[in-house]
Amino acid sequence: MLSIGAKTDEDWEILGTAKRFAEDYGTFSSAGDYQNVVLLYSLMTESFRKDRENFVNRGLAGQDPKTSLSGSETKVEIYKLLEKEDEKAKVLLSCSCREISTKKTRSFYRNALVLMEKKKGEWKVAGFEWQ
């Protein structure tokens, strides 16, 4: 794993939180009832948590029990602190991903942008976007 841009302990805290979030968020099973997201609520800002709670509730309401099982595994390969100002930071992650279903398996790479905010002395995820 390669890290770019970390100079201080606080930078490493930001990168570590972003990495953990992306790997856990991107690793799931369709049988897991969105627990990969729910277990990350403590790493999120309040507003992002509310957004993800709505996402989970919509997903659970729309689940079809007849749908075949599938899953995904995500591993961060490179992480870079793009910017950090006062109480905000942006992290770019390069991830290897593997999607598995009863029909096929595929491996690919994708980036993720993680927006971070410092709340009560702790760095939290304020936004996350696969690119």
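Data table
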{"item": "Binned Cα-Cα distance frequencies in the chain - 5 Å width, integer %", "result": "2, 10, 20, 21, 19, 14, 8, 4, 2, 0"}
{"item": "Spin-label pair LEU39/TRP130, simplified geometry with 7 Å Cα→Cβ offset, distance in nm", "result": "1.9"}
{"item": "Length-normalised contact order for segment 79-131 - Cα pairs under 8 Å, 6+ apart - percent", "result": "29"}
{"item": "Helical contribution to [θ] at 222 nm, DSSP H n ≥ 4, -39,500 (n - 2.57), averaged over the chain, rounded to 500", "result": "-9000 deg cm²/dmol"}
{"item": "Theoretical FRET efficiency, 1/(1+(r/R0)^6), r = Cβ-Cβ of ILE78 and ASN57, R0 25 Å, to 0.05", "result": "0.15"}
{"item": "Spacing of the two label points (7 Å from each Cα toward its C-beta) at THR8 and LYS120, in nm", "result": "2.2"}
{"item": "Positive dipole terminus of the chain, leading residue within THR102, LEU115, THR27 (C-beta point charges)", "result": "THR102"}
{"item": "Dipole in debye (nearest 20) - the chain, about Cα centre, beta carbon charges: Lys, Arg +1; Asp, Glu -1", "result": "480"}
{"item": "Average Cα contact separation per residue, segment 1-126, under 8 Å, 6 or more apart, as relative contact order %", "result": "28"}
{"item": "Trypsin sites (Lys or Arg not before Pro) within segment 94-131: DSSP coil, no more than 10 neighbouring Cβ in 10 Å", "result": "LYS103, LYS104, LYS120"}
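Bear in mind these aren't lab numbers, they're just calculated from the coordinates by the rules spelled out. Because the structure is a prediction, the values reported are computed rather than measured. Cβ atoms come from the backbone with ideal geometry, glycine included; neighbour counts cover every protein chain shown.
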